[in-house]
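Single-structure report; data block below.
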Amino acid sequence: MAERTAPRVTRMLGIVTHLERHGEATVADLAAHFGVSEQQIRKDVELLWVSGVPGGGPQDLIDFDAWAFDDDVVRLVNSQGVGQVRLSPREAVALIGALGVVVAGGVAPEAAHSALAKLKEAVGDGDAVRSVPVHPADPALAQTLRDAMERSVVVDLVYIDANDARTERTIEPHRLVVVDGATYIECFCRRANDYRTLRLDRIYGATLGTQPIVMAPSEASGFSLVPQFEATIVAARSARWLLDTFPGVEVADTGEEVTATFGVSDVSVIAGQLLAIGPQLRRIQPAPLAAEVSRQAAAALAALA
Amino acid sequence: MAVDPAERLLNLIIALTHARVRMTRAQIRASVAGYEAPQHGLTPEESRRKEAAFERMFERDKDELRRMGIPLRTVVDPTHGDEIGYKIDASDAAMPAIDFTPAEAAAIALAAEYWQGATLGPDANQGLTKIASATEAAPRTPLSLGARASSRSDATAVIVEARARRQAVQFEYTSERSGHATRTVEPWQVVLRGSAEYVVGLDRDKGEKRTFRLRRIHGTVRAVGPENSYEIPTLPHGRGQVEAVPIRTARIGLRPEAGNALRQRAVAAGSVGDWDIFDVEYRYDDQVRDEVLALAGRARVISPESLAADVRSHAQAALAAASASLEGDGRG
């Protein structure tokens, strides 16, 4: 299907503004910058070139330097006063909302904070969307991981996994990612000799290593968050507030009770959350989830004894 | 030959930006390259068909302008009857003179992944094109930051657009307290929290501020009533009305290396045996209770006793439900 009109015209106006603000550019640079082919950039420039004020002569058209264009350099001569337009309300919410999610997650570098501030200023109505933290990460840990990625070195850390097992690992960090409010590091784990997505609130005592990162980031992001099995919870209706927050959940009303069905990617996290609706819980399936709830509840009681 | 729609739209933008006062539909049709100007020597039937074709084309182009975020002003000129004219104010439409550094642009780029597959996906991509216009070219660096949500609502886009026009929205909604009902809401703010999206606004029937979870909306969300029909009050940036609830302090024991989040906001108060002791301030029992429960024995409430009892009763109930489920499975 041909590219839609609005995105294409938005890019064409963007080319004009980019050239106005940052000076001439090669076709190849513009292609890389706007994420399209060089052929597409040439088509865009050629179309801009014949556009202008109605009924006007050649002086009323958007104009480029023809000699430079022959050498694949785009040099703007006359923009006819057009240029990039402000963010639409939907665009603003899409950009501010997503960036707000990582800032609220506590893992964002300084550039993300300043970008968010600039976006809100550019929009003038930055209150249209708000991102609320759910499980904010430890800022010091996030900083260590960011430093490691910037210097391209490994990180040594202690990880306590879903089964409470403590391991020491050396990881090659690739990307910090906030998924449904919780923060993870996508990395290559040298101990497992495979790619892993580790939850930040299970990482302790991370220190910057000296060895360089050698493995390329995995193509498949978020692979380890694939649900391991489907769970079904029957609970009193008043527990719905929690069940509704589970990723991908379907909640069905059955009179005084609700039945929630969802994919479980992390048994221990789900079990821990289910304790919060202990008095409302009626039935937990399958057995591995019920067993984990049982184990955690017993541990919580033992700690109080 | 049919003119490229992009060319027509671009010419329309330039024409309306340069129009001194306004352009009427007739002027647009006659002069903007890409529209078919009225011709002489057509039968009335042919004329009407061409006229209708122009109207359809112009309505589509107005939609495209809206999609691009270009405000189209309608201007009525009293000396020329009631016919509506159009104009684009360059200063109103232009992107503010803010430049983004390459690092900032790279951070914003994560929006594309976050909204992928959602209604706002194309909006995110188009927004990123606009950011690129205001960013110096730089070598692309791999993105070391990302965000995803496992579910996003189609209602968000409609609500955001209605809010921008200060127009109320109407939808079917199921809630704990009120059951299933049609709600008419003045949207104030969209809230993203974990995998959930909410809209905060004034519920017109209740006359009060309410929060609606978008997943509980059935069917579509419709914008209703006139534009500019309400004002948005200054919104608190905290978690809502928390003024009335007093702050209390709980004493919590944490196993070494457990309860990172609690440690972050608590005050250390020594250690007893294998427990690190912390004092943590809280407003709501369930806040601390759920956190202690989720730590599954690596945390314990020392005081107040009411909070400890709350943790105990929740754990006992969960244990009973889990045991019953396991036995049930064994029998089945």
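The values are calculated or read from the model by the stated rules, or taken from the named source; none is laboratory data. Everything quoted here is computed from the prediction, not taken from an experiment. Glycine also receives a Cβ, built like all others from the backbone with ideal geometry; neighbour counts cover every protein chain displayed.
For this structure, a couple of remarks:
- Residue within the range A:35-51 that is surrounded by 19 or more Cβ atoms within 10 Å (Cβ to Cβ), within 8 Å of chain B (Cβ to nearest Cβ) and free of Cβ contacts under 8 Å to residues at least 40 places away in the same chain present: yes
- Some residue of the range B:293-304 being closer than 15 Å to B:ILE252 by Cα and assigned to a helix (DSSP H, G or I): yes
- Residues satisfying the stated conditions in the range A:185-220, i.e. without any contact (Cβ under 8 Å) to a residue 40 or more places away in the chain and not hydrophobic (A, V, I, L, M, F, W, C): A:GLU186, A:ARG190, A:ARG191, A:ASN193, A:ASP194, A:TYR195, A:ARG196, A:THR197, A:GLU219
- Of the criteria (1) closer than 30 Å to B:LEU254 by Cα; (2) facing chain B (nearest Cβ under 10 Å); (3) touching a residue at least 24 places away in the same chain (Cβ under 8 Å), which one A:TRP241 fails: (3)
- Flag for B:VAL311 being part of a helix (DSSP H, G or I) and surrounded by 19 or more Cβ atoms within 10 Å (Cβ to Cβ): yes
- You will find that of B:ALA90, B:ALA111, B:ALA94, B:ALA103, the residue that is out of contact with any Gly (no Cβ under 9 Å at 6 or more places or on another chain) and either surrounded by fewer than 22 Cβ atoms within 10 Å (Cβ to Cβ) or more than 15 Å from A:HIS22 (Cα to Cα) (or both) is B:ALA103 and no other.
- Test: A:ALA236 is modelled with pLDDT of 85 or more and either surrounded by fewer than 16 Cβ atoms within 10 Å (Cβ to Cβ) or under 18 Å from B:SER150 (Cβ atoms) (or both): yes
- Residue match in the range B:210-217 (condition: modelled with pLDDT of 95 or more and crowded, with 22+ Cβ neighbours inside 10 Å): no
- Breaking point among (1) of a type in the set (A, V, I, L, M); (2) in a loop (DSSP other than H, G, I, E, B); (3) in contact (Cβ under 8 Å) with a residue 24 or more places away in the chain, for B:LEU9: (2)
- All told, B:THR17 falls short of being part of a strand (DSSP E or B) and of a type in the set (S, T, N, Q).
- Of the criteria (1) more than 10 Å from every other protein chain (Cβ to nearest Cβ); (2) surrounded by 13 or more Cβ atoms within 10 Å (Cβ to Cβ), which one A:ALA66 fails: (2)
- In this entry, A:SER114 passes the filter for residues that are surrounded by fewer than 20 Cβ atoms within 10 Å (Cβ to Cβ), free of Cβ contacts under 8 Å to residues at least 24 places away in the same chain and either more than 21 Å from the chain's Cα centre (by Cα) or farther than 24 Å from B:ILE88 by Cβ (or both).
- Meeting the requirement of 3 or more residues that are under 33 Å from the mean Cα position of the chain (by Cα) and away from chain A (no Cβ under 13 Å), the helices (runs of 4 or more DSSP H) wholly within the range B:43-112 are B:44-68.
- Residue within the range B:315-332 that is hydroxyl-bearing (Ser, Thr, Tyr), more than 39 Å from the chain's Cα centre (by Cα) and within 7 Å of another protein chain (Cβ to nearest Cβ) present: yes
- Which numbered condition B:THR24 misses (of (1) of a type in the set (Val, Ile, Thr); (2) in contact with a helix residue (DSSP H, G or I) (Cβ under 8 Å, 6 or more places away or on another chain); (3) within 10 Å of chain A (Cβ to nearest Cβ)): (3)
- Screening the range B:160-186 for residues that are facing chain A (nearest Cβ under 9 Å) and of a type outside the set (A, V, I, L, M, F, W, C) and picking the one that is surrounded by the most Cβ atoms within 10 Å (Cβ to Cβ) gives B:ARG163.
- From the options A:GLY272, A:GLY255, A:GLY248, A:GLY278, residue that is modelled with pLDDT under 85 and either facing another protein chain (nearest Cβ under 7 Å) or buried (at least 19 other Cβ atoms within 10 Å of the Cβ) (or both): A:GLY248
- Residues satisfying the stated conditions in the range A:77-134, i.e. within 30 Å of A:PHE64 (Cα to Cα) and more than 7 Å from every other protein chain (Cβ to nearest Cβ): A:VAL77, A:ASN78, A:SER79
- Of all residues making up the range A:149-162, the number that are within 20 Å of the chain's Cα centre (by Cα) and either facing another protein chain (nearest Cβ under 7 Å) or modelled with pLDDT of 95 or more (or both): 1
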